[in-house]
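Below: the structure, in structure tokens.
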Amino acid sequence: TTPRWLNRTVAGAGITSALGDFCYETTTVILPGFLAVLGVPAAALGLIEGAADAVASFTKMVSGYVADKLGHRKALVLVGYALTPIGQAFIALAAGWPLLLLGRLVSWFGKGLRGPLRDAIVIQAVSSETRGRAFGFHRAADTVGAVIGPLLGVAVLGWAQTLHWGDTASPFRLVLWLSVIPGALAVLAFLALVNDPQ
């Protein structure tokens, strides 16, 4: 029989995290190269990533408070996951640093919004004795997505660069658009599989 701790909500949260990480970690790996072919200076990458991290950290601080006031944790987590592929689309469309910055801020805002609320849902979906196992499974799934996404992204980028494109940015845009797919699947997985105990 299936262990009680590995219930539908825990499995769903793990699958969702794997797909979400697949989506945005792929971008993290190819972003420096994409900036280079767009002619954006390297210093801009530091500013973009620093601003995105700051937004994610601030959002994590307030997301729990907002959820406690409003309720609707699952809906807020779904919004958080949906913002990642939306941010990816902005990045894929970018011709310079402003849209890159916007895309990264949107993605990282979503990341900050969903994390604490998703963890709260997972905590309440299992008994106190099995929380370690539930979170271990969740982190393992998260890591699988974070490893496979960039590896596959780099492989697709390498293949795409062997084709004849009009410009050097097109292979990067292809990978970015493809990474939207697991991001969208993450939203569907959380919607279909995860039940908020409250």
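In this simple spin-label approximation, residue 127 and residue 60 carry label points 7 Å from Cα along the Cα→Cβ vector, and these lie 3.1 nm apart. What does the C-alpha gyration tensor say about the overall shape of the range 48-87? Classify as rounded when a/c is under 1.5, otherwise prolate if a/b is larger than b/c, or oblate. Oblate, since a/c reaches 1.5 and b/c is not below a/b.
Per the Cα gyration tensor, the range 2-61 maps to an equivalent ellipsoid with semi-axes of 34, 16, 6 Å, ordered largest to smallest. Here the spin labels are modelled as points 7 Å beyond Cα on the Cα-Cβ line, and at residue 177 and residue 95 they lie 1.7 nm apart.
With contacts taken as Cα pairs under 8 Å and at least 6 residues apart, the range 58-172 reaches a relative contact order of 25 percent.
Applying 1/(1 + (r/R0)^6) with R0 = 45 Å to the Cβ-Cβ distance of residue 47 and residue 191 gives a FRET efficiency near 0.85. Length gained on full extension, residue 29 to residue 102, computed as 0.36 nm times the residue gap minus the Cα-Cα distance: 24.5 nm.
Rounded to the nearest 10 degrees, the angle from helix 73-93 to the longest Cα principal axis of the chain is 10 degrees. Across all C-alpha atoms in the range 149-191, the radius of gyration and Dmax reach 12.4, 39 Å.
In whole percent, and with a 1.4 Å probe on the protein chains, what portion of the accessible area of the range 1-154 is carbon and sulfur? Within the range 1-154, the accessible surface is 71 percent carbon and sulfur. Pairing the Cα long axis of helix 42-70 with the longest principal axis of the chain, what angle in degrees results, from 0 to 90 and rounded to the nearest 10? The helix 42-70 is inclined about 20 degrees to the chain. Hydrodynamic analysis of the chain uses the Kirkwood radius over alpha carbon pairs. Inserted into Stokes-Einstein at 4 °C and 1.567 mPa s, it gives a translational diffusion coefficient of 75 µm²/s. Size estimate for the range 16-102 follows the Kirkwood approach: the inverse of mean 1/r over distinct Cα pairs works out to 14.3 Å. Rounded to the nearest 20, the size of the Cβ-charge dipole of the chain about its Cα centre is 500 debye, with Lys and Arg at +1 and Asp and Glu at -1.
For the range 111-172, the pair-distance distribution built from all alpha carbon pairs, in bins 10 Å wide starting at 0, is 18, 30, 21, 17, 12, 2 percent. For residue 198 and residue 143, the FRET efficiency from 1/(1 + (r/R0)^6), where r spans their Cβ atoms and R0 equals 41 Å, is about 0.90. Given in Å, the Rg to one decimal and the Dmax to the nearest whole number for the Cα atoms of the range 90-198 are 17.6, 58.
Per DSSP helix of 4 or more residues, -39500 (n - 2.57); summed, then divided by the residues of the chain. What does that give at 222 nm, rounded to the nearest 500? -29500 deg cm²/dmol, from helical runs alone.
The values are calculated or read from the model by the stated rules, or taken from the named source; none is laboratory data. Everything numeric here is computed off the predicted structure, so don't read it as measured data. Glycine gets a Cβ as well: all are built from the backbone with ideal geometry, and neighbour counts include every protein chain shown. Keep in mind that these areas ignore ligands, DNA and RNA; they rest on the heavy atoms of the full protein, side chains included. Shrake-Rupley method; radii C 1.70, N 1.55, O 1.52, S 1.80 Å.
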